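One structure is given below, encoded as structure tokens.
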Amino acid sequence: MDRSSELADFLRSRRARITPDRAGLTEDRRPRRVPGLRRDEVARLAGVSTEYYTRLEQGRAGTPSPEVVEALARALQLDLAEREHLTDLLARPAPARRAPAEPQRVRPGLHLMLQTLEHVPAFVLGRRTDVLASNRLARAVLTDFDALPVPQRNLARYYLLDPEARDRVGDWAQIAAETVAILRLEAGRHPHDRRLADLVGELTLRSPEFTTWWNDHRVLRRTHGTKHYHHPVVGDLHFAYESFQPPGDPDQTLCVYNVEPGSATADALRLLSSWTAAGPSAHTPSAEAH
């Protein structure tokens, strides 16, 4: 990933979405050739020179101080994920590693937790939205990741490339676009991740919507929210999901799909659990390497 190009595109996309009125600036009579703010307006809001901001947007200003990064984030009205992404893009890049990254593995305690959470779907995501482990209900509600080859156990691939996902995932376009935004955030943090680059290339070629969403430069960190699925056996399922980073591995995320006790979804999950009871209840740890 060309970090200078990524930085330029990200900054341009963020200033393009902010009108002078939204930024608290008085509109002048100069013709506005670009949507949103001009470079000199961003510079003024951030308290830097137009020349410096221009060099920064072109990737020629070196690494700015934390104070300048914070001023830019305020001027561009960035949320927390966008601030994190800007910091990643502005950081001095580490040299590319010649040796491949160590495979991600889910520790036994997390495997045990997935089995304990047998009444709701739960799974562990790694880098690139790789599905490292999942419980039986997660595989029943989404797709059977166990049945896939290890390199294909990936949430982004499922949402964007599996035709069944478009029918099963409620608000499919929103969920798929948010997943692309999560990959964007990872790309800024791990610019030398070859497997991530390969995944982006595959999605670019095979998903009609991916390129548009990728070029939006939206970034997102998964925290909590709602999900809606249409299951072919038990019907509509509504979840309130929570995501956690387990201590000791910031590149892993535990996702739990909670349900209201006594709700129709809770009843449907009990039925689904009985329907899938004959299947395997958990992965073996050796199957989780990515």
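The values are calculated or read from the model by the stated rules, or taken from the named source; none is laboratory data. Computed from a prediction, not measured in an experiment: that's the story for all the values here. All Cβ positions, even for glycine, are placed from backbone atoms using ideal geometry, and neighbour counts span all protein chains on display.
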Extreme residue, nearest to L7 (Cα to Cα), among residues of region 215-232 that are in a loop (DSSP other than H, G, I, E, B) and of a type outside the set (V, I, T): H217
Is it true that some residue in region 230-250 is under 15 Å from L125 (Cβ atoms), aliphatic (A, V, I, L, M), out of contact with any Leu (no Cβ under 6 Å at 6 or more places or on another chain) and assigned by TED's automatic domain parsing to the domain that holds V120? no
Any residue in region 194-220 that's without any contact (Cβ under 8 Å) to a residue 40 or more places away in the chain and closer than 15 Å to R157 by Cβ: show its pairings with residues that are assigned to a helix (DSSP H, G or I) and of a type outside the set (A, V, I, L, M, F, W, C) at Cβ separation under 7 Å, as long as the two are six or more apart or on different chains. T204/T211; W214/R184
Residues being at pLDDT below 80, in contact with a strand residue (DSSP E or B) (Cβ under 8 Å, 6 or more places away or on another chain) and not in a loop (DSSP other than H, G, I, E, B) - total across region 235-290: 1
Over region 246-263, the set of residues of a type in the set (S, T, N, Q) and surrounded by 13 or more Cβ atoms within 10 Å (Cβ to Cβ) is Q252, T253, N258
Scanning region 1-57 for residues that are farther than 25 Å from L185 by Cα and of a type in the set (D, E), which turns out farthest from the chain's Cα centre (by Cα)? D28
Checked against (1) outside the structural domain of V200 (by TED's automatic domain parsing); (2) free of Cβ contacts under 8 Å to residues at least 12 places away in the same chain, P149 satisfies every condition except (1)
Positions within region 110-134 being among the aliphatic types (A, V, I, L, M), within 19 Å of the chain's Cα centre (by Cα) and in a loop (DSSP other than H, G, I, E, B), in sequence order: none
Among the residues listed as R166, R157, the single one being assigned to a helix (DSSP H, G or I), farther than 13 Å from W213 by Cβ and touching a helix residue (DSSP H, G or I) at 6+ places or on another chain (Cβ under 6 Å): R166
Out of Y229, Y159, which single residue is under 13 Å from the mean Cα position of the chain (by Cα) and either more than 22 Å from P103 (Cβ to Cβ) or surrounded by 20 or more Cβ atoms within 10 Å (Cβ to Cβ) (or both)? Y159
Within region 59-88, considering residues that are touching a Gly at 6+ places or on another chain (Cβ under 7 Å) and farther than 13 Å from G47 by Cβ, the one modelled with the lowest pLDDT: D88
If T19 satisfies all but one of (1) surrounded by 11 or more Cβ atoms within 10 Å (Cβ to Cβ); (2) β-branched (V, I, T); (3) in contact with a helix residue (DSSP H, G or I) (Cβ under 8 Å, 6 or more places away or on another chain); (4) at pLDDT below 95, what's the number of the condition it fails? (3)
Count of region 204-214 residues which are polar (S, T, N, Q), surrounded by 12 or more Cβ atoms within 10 Å (Cβ to Cβ) and not in a loop (DSSP other than H, G, I, E, B): 1
